[in-house]
Amino acid sequence: MKTLLLLMMLASSFAFGRSDGGNEGGHGGDPYALEFSGIAKAIGDKLVQEETRSGAAFIKWKFKAADFQKSAKAIRYTSAESDDMVLRGQEVDAINFPDQNLIKVNRARWRELNFRARSQLVLHEVFGILGVERDSFEASLDFKSFLANASKEMETELADSSQMNLFYGLCQSFPALGDASTCGSGTDKLEKAQICATNQAEAKCRMSGKGGCEILNTSYTPKMSTTAFGLRYCEVLVLMK
């Protein structure tokens, strides 16, 4: 039985590809990584303006706004679900790898954060790549007032960007044993998962105070699981603005 299970999982991995959405290279079509990257670049631009007004914090933490701005454009961004986001035995919001110039964000945590909290996380993680701070938030605290104002400005300025300030809804659909396709269109289970994900995204959008929430994209990703009921399922992700 164990041999059969292993063979089924291997076969599925070849058929479906990477379970993390194929986040190779920059950030591909990964919406979490795209939004993280966009916020990082926007913060870099705001820091350049801030340094001209007051450079004390930059001198204290021994970096220049241009360093942040350059790194934000060069860093590789990727994402993963909670199971793959554990550091020293604890689930974390994100992990930065300075030696790889890589930041990996926890999708589940990111979905629950508002725009300001996402901006705070981005600032801290890019600081980690720069070596400004690692396991503490002392530098981030010194830029707290700056980020409070900057995040308000960015949220307005980036409102029209197709991959910024998104609201996420995620639900799973488990096909019947006889279904040929994991994410086959027209099935009752898949339709319910889409409604579920749409309701999640819409609720978060309304809670933010934004009116006129609109669906930006709906994606269906075949996945494998050894813990949930059934080996295969379809992950339905709805993005709203």
Requested in this report: Would you mind estimating how fast region 84-148 diffuses translationally, via Stokes-Einstein at 20 °C and 1.002 mPa s with the Kirkwood radius over Cα pairs, in µm²/s?
Outcome: 174
Report summary line: Here the gain from full extension of LYS73 to SER225, 0.36 nm per residue of separation minus their alpha-carbon distance, amounts to 51.3 nm
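Taking the Cα centre of the chain as origin, work out the dipole magnitude from +1 charges on Lys and Arg Cβ and -1 charges on Asp and Glu Cβ, in debye rounded to 20.
140
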Report summary line: In degrees, nearest 10, the alpha-carbon axis of helix 65-74 is tilted away from the dominant principal axis of the alpha carbons of the chain by 20
Query raised in the report: Taking N as the number of residues in region 31-157, what is its alpha-carbon radius of gyration divided by 2.2 N^0.38 Å?
Result: 0.99
Report task. Please tell me the relative contact order of the chain in percent, rounded to the nearest whole number, where contacts are Cα pairs under 8 Å and at least six residues apart. Result -> 17
Query - Assigned charges on the beta-carbon of Lys, Arg, Asp, Glu; region 166-240 dipole about Cα centre (debye) - result: 200
Query raised in the report: Classify region 170-211: rounded, prolate or oblate, from the alpha-carbon gyration tensor (a ≥ b ≥ c, eigenvalue square roots; a/c under 1.5 rounded; otherwise prolate if a/b is larger than b/c)?
Result: prolate
**Report entry** Distance (nanometres) between label positions extended 7 Å along Cα→Cβ at ASN114 and GLU138
**Finding:** 3.0
Report task. For region 181-207 and region 101-174, write down the distance between their C-alpha centroids in whole Å. Result -> 25
Query raised in the report: Taking square-rooted eigenvalues a ≥ b ≥ c of the alpha carbon gyration tensor, is region 166-240 rounded, prolate or oblate, where a/c under 1.5 means rounded and, failing that, a/b exceeding b/c means prolate?
Result: prolate
Query raised in the report: So which of LYS46/LYS210; LYS144/LYS223; LYS41/LYS210; LYS60/LYS210 end up more than 30 Å apart by C-alpha?
Result: LYS144/LYS223; LYS60/LYS210
**Report entry** region 43-102: Rg to Rh, with Rh as the Kirkwood radius over Cα pairs
**Finding:** 1.10
Query raised in the report: Could you give the angle, 0 to 90 degrees to the nearest 10, between helix 31-53's Cα long axis and the longest principal axis of the Cα atoms of the chain?
Result: 0
Query raised in the report: Kirkwood hydrodynamic radius of the chain from all distinct Cα pairs, in Å?
Result: 19.4
Query - Cα centre as origin, Lys/Arg/Asp/Glu Cβ charges: region 38-84 dipole, Debye - result: 400
Report task. Give, as a single signed number, the net charge of other residues whose beta carbon lies under 13 Å from the beta carbon of LYS41, with Lys and Arg counted +1 and Asp and Glu -1. Result -> 0
Report summary line: Relative contact order in percent for region 31-157 (Cα pairs under 8 Å, 6+ apart) equals 26
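None of the figures in this text is laboratory data; all of them are computed from the coordinates on show. These numbers come from a predicted model, not from an experiment. Neighbour counts are summed over all protein chains in view; Cβ atoms, including those assigned to glycine, are modelled from backbone coordinates with ideal geometry.
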